[in-house]
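What follows is one structure encoded as structure tokens, with my remarks underneath.
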Amino acid sequence: MLYLLSMANAITIDQLQKIYPPEKKGGEPFVAVDKISFALPEGEILGLLGPNGAGKSTTISMLLGVLTPTGGTIKYGDKDFAHHRSEILQSVTFASTYIKMPWRLSVMENLTVYGLLYGLSRNEFKNRVQKFLKFFGVWEQRDKTMNQLSAGQVTRIMLAKAFIPHPKIVLLDEPTASLDPDGAHEVRQFVMEQQKEYGTSIIYTSHNMDEVSEVCQNVVFLQHGKIVAIDTPANLAASVSIARMRLQVADGLKRTERFAKEKGLLAKIDNREIEIAIDEQQIATFLQQLASEKIEYTQITIAKPTLEDYFLSQAQKKK
């Protein structure tokens, strides 16, 4: 298996494991993370993907020192995390759609505490807070308490918080989950700019596969606590042979759906069109069979497999 190990890694994980004791006496222990090994090269954005329960959040929690590993090692650069935790965390930040800041404090009060924890000077803190809050369009909310803000505003402030200390490494857990498409696009552009301009190393989790394909150079895919693949988004998408064929049917829409399902294909009707998931090698034969059934279509589009198709193919294996 490719571990992405190189001469210069921001993070190196080797045989990392987290096992929880049985919930009941005589029960089986739960293996949340099962001896995984991978690395985040310096200056890269690495996607950490997998269905719910795959071990992503547990891995992030161990990288932050919130959870203690059952086994294995974590290194930041050449320093062992277990022995240099406080020193390392001065260069590491985290943002998640699902983790909130104290709601009774104002935005500025929360960020001030955060700036002090990271040792920012008064001027540096003032300049960077203003820069990022203005960038994310939440500067006018700086004196409001957190409970007065919308979910999207909170997400933007959490992202600003993560980059204010000028970190070397940032862990982002679904940073666009509560944002509209425009806001999500803004965040993706911001994250990529931070990587390009400052060489920030980033681990990025998301359930938006188009987003991951745009942002991440490589992807680690987890399933049942194990790594099932490490590769580029393009290579993972190319490993799936299933394409999505969309037909605009002039006559026989229901017959097309029935015929596709008889062939064991997934088919979905949308107005006067039908989308069929089909192996690329079977497309020509299927279209010939439609013609023999006297089913007419006026338009056809074929979408090549995407990272989302790979995700769905792996998620199906869980069931």
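Tabulated data
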item: Environment charge at Arg188 (Cβ cut-off 9 Å; Lys +1, Arg +1, Asp -1, Glu -1); result: -3
item: Cα gyration tensor shape of the stretch 53-111, rounded if a/c is under 1.5, else prolate or oblate by comparing a/b with b/c; result: oblate
item: Segment Val31-Ala303, length gained on full extension (0.36 nm per residue, minus Cα span); result: 94.2 nm
item: Ordering of 109-119, 162-172 by packing [mean C-beta count within 10 Å, highest first]; result: 162-172, 109-119
item: Neighbourhood net charge (14 Å Cβ-Cβ; Lys/Arg +1, Asp/Glu -1) for Asn110; result: +4
item: Relative contact order (%) - the stretch 16-174, alpha-carbon pairs under 8 angstrom, separation at least six; result: 23
item: Qualifying aspartates and glutamates (Cα of each under 12 Å from Cα of Lys56; at least 8 residues distant if same chain); result: Asp34, Asp173, Glu174
item: Relative contact order of the chain, defined on C-alpha pairs under 8 angstrom at six or more residues apart (%); result: 20
item: For the chain, calculated [θ]222 nm from helices alone, where every DSSP H run of n ≥ 4 adds -39500 (n - 2.57); result: -10500 deg cm²/dmol
item: Segment Lys126-Lys196, extension gain: residue separation times 0.36 nm, minus the distance between their alpha carbons; result: 22.8 nm
item: Unsatisfied cross-links (Cα-Cα over 22 Å) in the set Lys254/Lys304; Lys24/Lys100; Lys79/Lys126; Lys79/Lys168; Lys226/Lys263; result: Lys254/Lys304; Lys24/Lys100; Lys79/Lys126; Lys226/Lys263
item: Amide H partners (placed H, <5 Å) of His207, local residues excluded; result: none
item: Answer label for Cα extents along the principal axes in Å (calculated), chosen among [x] 56, 50, 40; [y] 57, 55, 39; [z] 75, 52, 44; result: [z]
item: Antiparallel bridge percentage (DSSP; both residues within the chain; nearest 5); result: 70
item: Under 17 Å from the Met108 label point (7 Å along Cα→beta-carbon), backbone N, the stretch 143-175; result: 143-149, 157, 161
item: Proxy reagent accessibility, fewest Cβ within 10 Å first, across Arg122, Arg255; result: Arg122, Arg255
item: The chain: most fluctuating residue of Pro102, Pro175, Pro41 per GNM, C-alpha cutoff 10 Å; result: Pro102
item: Spin-label pair Asp80/Asp14, simplified geometry with 7 Å Cα→Cβ offset, distance in nm; result: 1.0
item: Coarse-grained scattering of the stretch 101-166 at q = 0.20 Å⁻¹, given as base-10 log I(q)/I(0) from a Debye sum over alpha-carbon atoms; result: -0.69
item: Loop sites in the stretch 1-84: GluC sites (Glu not before Pro), DSSP, at most 13 other Cβ within 10 Å; result: Glu23
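Coordinate-derived values only; no laboratory data. Small disclaimer: the values here were computed from a predicted structure and weren't measured. Neighbour counts run over all protein chains shown; Cβ positions are idealised from the backbone, glycine included.
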